[in-house]
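The values are calculated or read from the model by the stated rules, or taken from the named source; none is laboratory data. Please read these numbers as outputs of a predicted model, since none were measured by experiment. Every residue, glycine among them, receives a Cβ derived from its backbone with ideal geometry; neighbour counts consider all protein chains shown. Protein only, heavy atoms only, side chains kept; ligands, DNA and RNA dropped before computing areas. Shrake-Rupley method; radii C 1.70, N 1.55, O 1.52, S 1.80 Å.
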Amino acid sequence: MLKQQLAQKQQLKLLPQQLMLVKLLEATTVELDERVIQELESNPALEESAGEESNNDADNQDDFGSDQDNGDMDLGDYRNEDDIPDYKLIANNRSRDEKKEDIPFSADLTFHEFLQDQVGLRSLTEYERTLVEYIIGNIDNDGYLRRSTDDMSNDLLFQLGQDISEKDLNNAIACVQEFDPPGVCARSLQECLLLQLRREESESEACRLAQVVIEKYFEEFARKNYQKIMSELGIKDEAMKQIVHEVLRLNPKPGNAWSTLLEKNKEIVVPDFIVENDNGVLIVTLNDRNQHSLRVNPDYQQMQQQLTSDKTANRNIKEAVQYVKQQIESAEIFIDTLNRRNTTLLTTMRAIIELQRPFFLDGNEALLKPMILKDVAEITGFDLSTISRVSNSKYVQTEFGTFPLKYFFSQLVQTESGEEFSIHEVKNALQDIIENEDKKHPYSDEKLAELLTKEGFDIARRTVAKYRDQLGLPTAQLRKQL
């Protein structure tokens with residue numbers, strides 16, 4: 001039996017302008033460029049104009065409060081699959097233990113193609129070539145072969161219907177290990193380093209001893225237990241230093257030179273804001289690339305007037321009027337939303353500067369105060385989600401360097417005695433202590449906690465260990481040097 005029923009339902013629905021603002025707020029300067037170009041190409045009623053004619057100059061909007069329209073543009077926590085994702089623009093994704101090798105190769109070749117090209121330089125039977133090419137296909141982007149011979153033998157049995165012996169597979173692996181770059185096709189870091197040392201043209205005593213150390217004392221070397229190695233080999237400090245130098249020259253990830261280039265990890269950070277100090281007066285501006293001079297095409301406006309005033313308009317003319325009207329409205333909405341975006345960005349950045357003024361004047365990380373999204377939201381009147389979107393992927397250029405906006409946000413740390421500090425302050429003090437320690441006798445986490453307590457940061461050892469890890473600093477044993 002059918003039954004009609006009246007029910008109320010609460011639903012969040014954003015207007016197209018609001019959704020567009022959400023996306024533009026999240027866009028970085030580079031992404032905004034792409035978005036503007038896309039809009040210019042798709043809408044003939046939108047065009048670039050001379051800078052002085054543009055109404056998109058956010059620097060001239062002195063009264064930010066009057067343009068915010070917070071009540072009409074409350075973005076809430078709306079997100080969907082169409083939202084622009086967060087991008088990390090890192091200038092260098094290479095870790096400390098990675099080293100770029102000067103190996104000649106074509107930038108058009110991938111790492112695996114480079115290896116594949118070397119197969120043709122070897123005198124191999126069809127059977128051997130098949131195995132070598134299969135091995136190359138199993139090498140990862142770091143240059144390692146991380147699969148066991150048993151697993152590969154089972155794969156080949158399924159693919160080729162042949163039972164490949166472990167000896168044949170090891171011969172194929174040994175063949176690939178002779179390829180460039182040195183160290184490729186290693187099954188462990190130890191083997192990778194040994195392969196490189198054995199390819200060294202140098203016949204120095206340091207190189208020979210380095211091979212012995214990596215082959216027989218790898219675990220002790222990794223733990224920096226140098227005293228035991230020197231005692232076993234009967235060598236002095238100077239010889240041990242030369243061995244360490246030889247090993248540190250090696251590349252622990254032979255494939256990294258290719259993956260770093262081809263994955264475009266060397267992206268350039270484009271700042272969204274520029275902060276300048278004019279005799280104590282902090283001036284913030286948007287990057288010029290954010291200042292897009294856009295306007296509605298006057299020819300389209302004139303066309304709309306002519307078509308609208310046509311008294312004898314037929315169906316085709318009415319459709320043309322509707323099309324021109326839609327394009328003009330779309331252009332006006334985009335320009336207005338772009339203005340709102342820039343106004344929101346500047347208002348948020350000015351609030352951050354107001355809260356972190358000592359840092360922007362001095363550049364000392366210790367001057368950063370604890371600050372959360374709510375603090376900025378209270379000053380600007382914006383929603384928390386709006387502040388989050390603005391700060392999520394934006395950068396600011398200062399006289400002390402370029403920083404992500406996230407850098408200025410930190411929670412309070414409460415010590416065991418009840419005092420409160422910024423995490424930045426504690427980390428800064430911790431890093432200073434470690435940088436100035438005796439590298440022959442580095443401080444343990446427990447000792448670091450004691451020293452921090454003397455400086456007024458009464459925190460537990462486990463907290464010290466957590467912050468040390470976040471700073472990318474190893475344990476005392478691994479920081480030990482000769």
Per residue, accessible area of the stretch 129-207 with a 1.4 Å probe, heavy atoms of protein chains only, in Å², comes to 50 Å²
Per principal axis, descending, Cα span of the stretch 131-205 in whole Å: 48, 23, 18
Provide the gained length on full extension for the span Glu166 to Ala465, in nm with one decimal, where the gain is 0.36 nm per separating residue minus the Cα-Cα distance. 103.1 nm
Can you give the accessible area of Asp163 in Å² (nearest 10), computed on protein heavy atoms with a 1.4 Å probe? 130 Å²
Between Gln477 and Asp151, the two model label points (7 Å from Cα along the beta-carbon direction) sit apart by a distance in nm of 2.8 nm
Just to verify a number: what accessible area does Lys427 come out at with the full protein assembly present, 1.4 Å probe, Å² rounded to tens? 40 Å²
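Quick one: length gained pulling Ile317 to Phe218 fully straight, 0.36 nm per residue minus the C-alpha distance? Each step should come with its number before you reach the end.
Values: separation 99, 0.36 × 99 = 35.64 nm, distance 8.25 nm.
Between Ile317 and Phe218, full extension yields 27.4 nm more.
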Could you report the accessible area of Glu48 in Å², rounded to 10, computed with a 1.4 Å probe on the protein chains as they sit in the structure? 130 Å²
